[in-house]
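First comes the structure, then the notes that go with it.
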C-alpha cells in the first residue's frame with residue numbers, strides 16, 4: 001500500500017516529483033486488462049517520463065522501457081515519473097480521452113495535482129494524505145538521505161547505500177547522476193525519481 | 001539469505017545494499033556474514049546483482065520465517081492478497097471498488113517505514129491499541145490475516161518475533177471517529193521500537209473538499225503537502241450509496 005506516498009520533502013523539494021500510474025481492480029475489471037496497460041504506456045511514454053516501470057517486470061533502469069512495454073499482465077501496476085506539472089496535465093488529458101477504464105492515480109503535491117485535474121475538468125475521486133513519520137524517529141539518518149530513500153516506497157533503496165554512494169561521489173569515483181541511475185535500478189516498480197535524487201545528491205556532496 | 005563462504009571473495013560490495021545493516025564484516029572470523037535474526041529476507045542484496053561470484057544464496061524457508069520474505073520482497077505476489085507488495089489495492093482502485101465510501105475514512109499505519117524494519121510484536125502493540133477504540137481491520141490485508149482476533153488486534157504468538165522491512169496495520173472507521181483513533185495512536189507511539197508512516201484516505205465530498213484533513217489536524221498531526229489522488233477514470237464506476 002501507499003508505495004508512492006510518504007515521499008519526504010518540503011514543497012520546493014517535491015515540486016519536480018510526480019507519478020502517474022495505472023492499476024486495475026482484481027475483483028472488478030482486471031480480467032483482460034493487460035492490453036489497456038499497453039495503451040496507457042503508449043500515451044505516457046510520448047511525454048518522456050524520467051522513469052517508467054511495472055511491479056511485475058521492472059523499470060527503465062534495470063530491464064529497460066521496451067521490456068516493460070512488452071510484458072504487461074492483468075495484475076500489472078504501471079508507473080511513469082514526471083518532473084513538470086504542465087506535462088502531467090497533458091498526460092492526464094490524454095488518458096481521460098482514451099477512456100481506458102483503468103484506475104489512474106496521480107501522486108505529488110496535492111495543490112498541484114488538484115490544479116492538473118481542475119485544468120481539464122476532472123473531479124478527483126479519492127485522496128490519500130501522508131500524516132508523516134512517527135515513533136523512534138531519532139533512529140533515522142539526516143533528512144536528505146530519507147528524502148532519497150522514500151522515493152522507493154517499498155524500501156529497496158537503503159539508507160546505507162545512499163550514504164555509501166555519497167562517500168564515493170565525494171572521493172570523485174562516481175557522479176551524482178550515475179548514482180541516481182544506480183539507485184533507480186533498485187526500485188523495481190519504477191517510481192524512483194532519478195532527476196530529483198541527483199539534485200539532492202549534489203546538495204549533499206557539494207559536487 | 002546466507003553467504004556461501006566457499007564462493008565469497010570478501011569484496012564487501014553487498015554490505016551497503018542491506019536496509020537492515022544485517023550484512024557485516026566480522027573481524028573475528030575475517031569474513032562477511034549475515035545476521036540472520038536481523039535479515040528480513042527482502043532479497044535486495046541478491047537482486048542488486050553486485051556479488052561477482054553469486055555467493056548470496058536464498059534457502060528454503062518454513063513458517064514463520066517465510067513471512068519475512070512475503071512482507072519484505074515486493075517482487076513476490078503476496079499469497080494473502082493476490083497483488084505484489086505488502087499492502088492492498090486500497091484507494092488506488094476506489095473509483096471502481098467503492099471500498100471507501102463517503103462518511104468513511106481509511107487509515108494505514110506502515111510499521112518500519114521508512115527503511116527501519118519492524119518486529120511483529122510492535123505491529124501487534126499498535127493494532128491492539130487502535131482496536132480498543134473500535135476499528136474495522138481490512139480483511140484482505142496480510143497483517144489482518146495474522147490476527148487471531150480481529151476485534152482486539154491480537155496476533156499469532158509464533159509470528160511476534162519475526163521481522164519485516166515493513167508491515168501495514170490497515171483499517172476503516174466512520175469519519176467521526178478519526179480524531180479519537182489518531183489520539184489513541186499517540187498513546188502507543190512511545191512504546192514501540194521502530195518508526196511508522198501514517199496515512200489517511202477518504203472519498204472527497206461532492207464539492208471536491210476533503211472532509212478528513214481537518215480532523216487529522218485537530219488531533220495534532222501535520223498533513224503533508226504531497227498525497228495520492230485517484231482521479232476517478234476507472235470503469236465501471238462504483239455505485240454511490
Going by Cα centres, region B:187-228 and region A:47-112 are how many Å apart?
26
Looking at the P(r) of region A:44-95, how many percent of alpha-carbon pairs lie beyond 18 Å?
31
Can you compute the helix-only [θ] at 222 nm over chain A? Use -39500 (n - 2.57) per DSSP H run of at least 4 residues, normalise by all residues, nearest 500 deg cm²/dmol.
-12000 deg cm²/dmol
Per 5 Å bin from zero, what fraction in whole % of the C-alpha pairs of region B:59-147 is there, up to the bin with the longest pair?
3, 11, 21, 25, 21, 12, 6, 2, 0, 0
Given a cut-off of under 8 Å on Cα pairs at least six residues apart, what relative contact order in percent is computed for region A:137-205?
33
Note down, for region A:11-119, the three equivalent ellipsoid semi-axes (square root of 5 times each alpha carbon gyration tensor eigenvalue), biggest first, whole angstrom.
22, 16, 12
Dividing the alpha-carbon Rg of chain B by 2.2 N^0.38 Å yields what?
1.14
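If each DSSP helix of 4+ residues adds -39,500 (n - 2.57) and the sum is divided by the residues in chain B, what number results at 222 nm, nearest 500 deg cm²/dmol? It would help to have the intermediate numbers written out before the result.
Numbers: 6 runs with 44 residues, N = 241.
Calculated at 222 nm, the ellipticity per residue is -4500 deg cm²/dmol.
Quick one: if the Förster radius is 22 Å, what FRET efficiency do residue A:167 and residue A:139 give, using the C-beta to C-beta distance and rounding to 0.05? Display every interim value, and only then the final one.
Values: r = 21 Å, r/R0 = 0.94.
With R0 = 22 Å, the Cβ-Cβ based efficiency is 0.60.
Tell me, what is a quarter of the convex hull surface for the C-alpha atoms of the protein assembly as shown, in nm² with one decimal?
On the way: hull surface 82.6 nm².
Result: 20.7 nm².
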Return the Rg/Rh value of region B:133-241, two decimal places, where both radii are evaluated on C-alpha atoms and Rh is the Kirkwood radius.
0.98
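Can you give the mean number of other chain Cβ atoms that lie within 10 Å of the Cβ atoms in peptide B:103-114? Don't skip to the answer; put the middle values down first.
Values: counts 0, 0, 0, 3, 2, 6, 3, 8, 1, 2, 8, 16.
Averaged over the peptide's residues, the number is 4.
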When the Debye formula is applied to the Cα atoms of chain A, each taken as the same point scatterer, what base-10 log of I(q)/I(0) results at q = 0.08, 0.09, 0.11 Å⁻¹?
-0.27, -0.34, -0.51
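Considering all alpha-carbon pairs of region B:1-47, what whole percent are spaced by more than 18 angstrom?
Values: 203 of 1081 pairs.
Of all Cα-Cα distances in region B:1-47, 19 percent exceed 18 Å.
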Could you tell me the center-to-center distance, by alpha carbons, between region B:20-91 and region B:93-111 in angstrom?
30
Once the mean of 1/r over all distinct C-alpha pairs in region A:137-205 is inverted, the Kirkwood radius in Å reads 11.8
At 7 Å along Cα-to-Cβ for each site, give me the label-to-label distance between residue A:42 and residue A:118 in nm.
3.3
Can you pull the three principal axis extents for the Cα set of region B:123-164, in Å, largest first?
26, 20, 16
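Every number in this text was worked out from the coordinates using simple rules, so none of it is lab data. These numbers come from a predicted model, not from an experiment. Cβ sites come from the backbone with ideal geometry, for glycine too, and all protein chains shown count toward neighbours.
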